[in-house]
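The values are calculated or read from the model by the stated rules, or taken from the named source; none is laboratory data. Note that the coordinates shown come from a computational prediction; the quantities given were computed from them, not determined experimentally. Cβ: placed from backbone, ideal geometry, glycine included. Neighbour counts: every protein chain shown.
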Number of protein chains: 2
Amino acid sequence: MSDTQKTAGSETRSGDVLNRMRQDIINCVLKPGEKLKFETLRNLYSVSFSPLREALSRLSAENLVVAQDQKGFVVAPVSIADLNDLTDVRVLIEREALARAIQRGDEAWEAGILSSFYRMDRLQQKLGKEYYLSEEWSRLHGAFHLALVSACASPNLLEIRQKLYERAHRYRRMSSRFRPQWREKEAEHKTIADAALDRDVDAALRLIERHIRETTENVIKYAGHLFPPTDQAGLADPQTDAA
Amino acid sequence: MSDTQKTAGSETRSGDVLNRMRQDIINCVLKPGEKLKFETLRNLYSVSFSPLREALSRLSAENLVVAQDQKGFVVAPVSIADLNDLTDVRVLIEREALARAIQRGDEAWEAGILSSFYRMDRLQQKLGKEYYLSEEWSRLHGAFHLALVSACASPNLLEIRQKLYERAHRYRRMSSRFRPQWREKEAEHKTIADAALDRDVDAALRLIERHIRETTENVIKYAGHLFPPTDQAGLADPQTDAA
DNA sequence: CGGTGGCATTATTTCGAAAATACCCTAATA
DNA sequence: TATTAGGGTATTTTCGAAATAATGCCACCG
């Protein structure tokens, strides 16, 4: 349980727990809204209070958990409103990052796109229909999308993008069991990569936006029933519908 | 010292220390690049290790401090490269947020702009030439800019904006003693507010972008000497004199 | 019967000391 | 003289227990 010890132990125990918990939240091992009791976590991750608190603090700054004063921590709740808002902001950020990357990318950038696409594509073929349930494929998919924008030359943009990506990824994982296979999504990846390598900014931006928005639409379509009743999107968040 | 106990004690001691440290970093009481020793901080804020670690963890997630495994924490260094990147991303985010706010803003939004501008303007007149050194004016200035975008209906956009704003504010504070008075900046605020209230999206976006970029240009122009030697913007930098 | 106040229980938060790690200075060797 | 190995000090990181706050329960009162 918990696991994916793949996350490569950070030098410090806090960092290690942080990475493991982040993975567990994204992969819904720790479920949205779930109360995070220290006693439980202490056993689960085999550490003491201090590293746990540190990890939880950082995660709350990433919006993967929410901290309630004197009442502990909770896995960040999910809601359609949150997903929609997330999607809108991701579109803004990804488009900007991709545009800059295409403008500035050098040969190393091109090579990175080709190589990461290749690895993702190969694994997909190897795994067959249910590729998207694989943890490893998630990693390669993330690496591919990162490769696309990695040349944008803006640390801040990349960092913001990464955090948004991870939160969105949680929604994908959460719904993956209920979706039909997404074979056509792979064709999209190829198309996006090609547009980027062709330095066709307009096409690439259009494609990446559609890619993101269609993913969200599919999540809502096939896994909408997993979300809490529409009105109360979880705690402390008024938030009307977005998008 | 340290303080501005105005930050309104959070319910929890960690939150309190977090807020106080954030203010101290933004106001350069804790200087860029400075090593944050626990023993020192313990005395400075009168708390123990645990809340300190928690606060530092959160601040590192906000990029106001950087954590080095097994080597403690350091106040985030400053550099022209960082300031420029920050500025570019802020422009992207502020423009988007402002556009949405203008599109969606209701009367409460309009009232918020008018009221926050009024308060900022009054205080400025009361304080005279050196208004911009005032802590209180900083708060009202922040409230005004927040009011402009508050109706954008995107929690994520607002949160990202706020964090970027705070980091940029550190650069302003760091350079404020060296700048000539910025009287004309106040005219800009009025112009921006008017454009927003007139629902003139194009004008408002153009003005806010210029407002942000010119501020950065002035910081570099008048306080460029405070930055570490251009090439290595990096951390672990003893840091020249600041403030 | 419904509501309210107080007490016991549970969980979180904070503390200071112990363990682990990095840093610095000295000395020995090549 | 330069380089490295050793050992002692300074700091960070982790621990488990004490303090503090919240929760649920039950008796008591209206």
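Would you please name the residue that is farthest from the other protein chains (Cβ to nearest Cβ), looking only at residues in region B:75-86 that are touching a Pro at 6+ places or on another chain (Cβ under 9 Å) and either within 16 Å of DNA strand C (Cβ to nearest atom) or closer than 25 Å to B:ARG20 by Cβ (or both)?
Here the answer is B:VAL75.
Filter region A:159-177 down to residues that are at the interface with chain B (Cβ under 10 Å from one of its Cβ atoms) and crowded, with 20+ Cβ neighbours inside 10 Å, then give me how many there are.
Qualifying residue count, region A:159-177: 3.
If you check B:LEU64 against the conditions, is it on the phi < 0 side of the Ramachandran plot, within 16 Å of DNA strand C (Cβ to nearest atom) and more than 9 Å from chain A (Cβ to nearest Cβ)?
Here the answer is no, as B:LEU64 does not meet what is asked.
Can you tell me which residues in region B:34-73 are within 14 Å of DNA strand D (Cβ to nearest atom) and in contact (Cβ under 8 Å) with a residue 60 or more places away in the chain?
Matches in region B:34-73: B:GLU34, B:VAL66, B:GLN68.
Please give the helices (runs of 4 or more DSSP H) falling wholly within region A:108-199 in which 3 or more residues are among the hydroxyl-bearing types (Ser, Thr, Tyr).
On the way: elements: A:135-149, A:155-176, A:183-197.
Output list reads A:155-176.
Hey, does region B:104-115 have a residue that's buried (at least 19 other Cβ atoms within 10 Å of the Cβ), of a type outside the set (Ser, Thr, Tyr) and under 18 Å from the mean Cα position of the chain (by Cα)?
So far as region B:104-115 goes, no, none of its residues is buried (at least 19 other Cβ atoms within 10 Å of the Cβ), of a type outside the set (Ser, Thr, Tyr) and under 18 Å from the mean Cα position of the chain (by Cα).
Inspect region A:9-26 for any residue being away from chain B (no Cβ under 11 Å), closer than 25 Å to A:PRO228 by Cα, modelled with pLDDT of 95 or more and assigned to a loop (DSSP other than H, G, I, E, B) and give the result as yes or no.
No, the conditions are met nowhere in region A:9-26.
Could you check, for region A:89-102, whether at least one of its residues is within 14 Å of chain B (Cβ to nearest Cβ) and exposed (fewer than 14 other Cβ atoms within 10 Å of the Cβ)?
No: zero hits.
Could you give me the residue pairs with C-beta distances under 9 Å whose first residue belongs to region B:98-112 and is assigned by TED's automatic domain parsing to the domain that holds B:ALA151, whose second residue is basic (Lys, Arg) wherever it lies, and which are 6+ apart or on separate chains?
Pairs found: B:ILE102/B:ARG199; B:GLN103/B:ARG199; B:GLY105/B:ARG199.
May I ask you to verify whether A:ARG42 is outside the structural domain of A:ILE212 (by TED's automatic domain parsing), among the basic types (Lys, Arg) and over 15 Å from the mean Cα position of the chain (by Cα)?
Values: outside the structural domain of A:ILE212 (by TED's automatic domain parsing): yes; among the basic types (Lys, Arg): yes; over 15 Å from the mean Cα position of the chain (by Cα): yes.
Yes: the conditions hold for A:ARG42.
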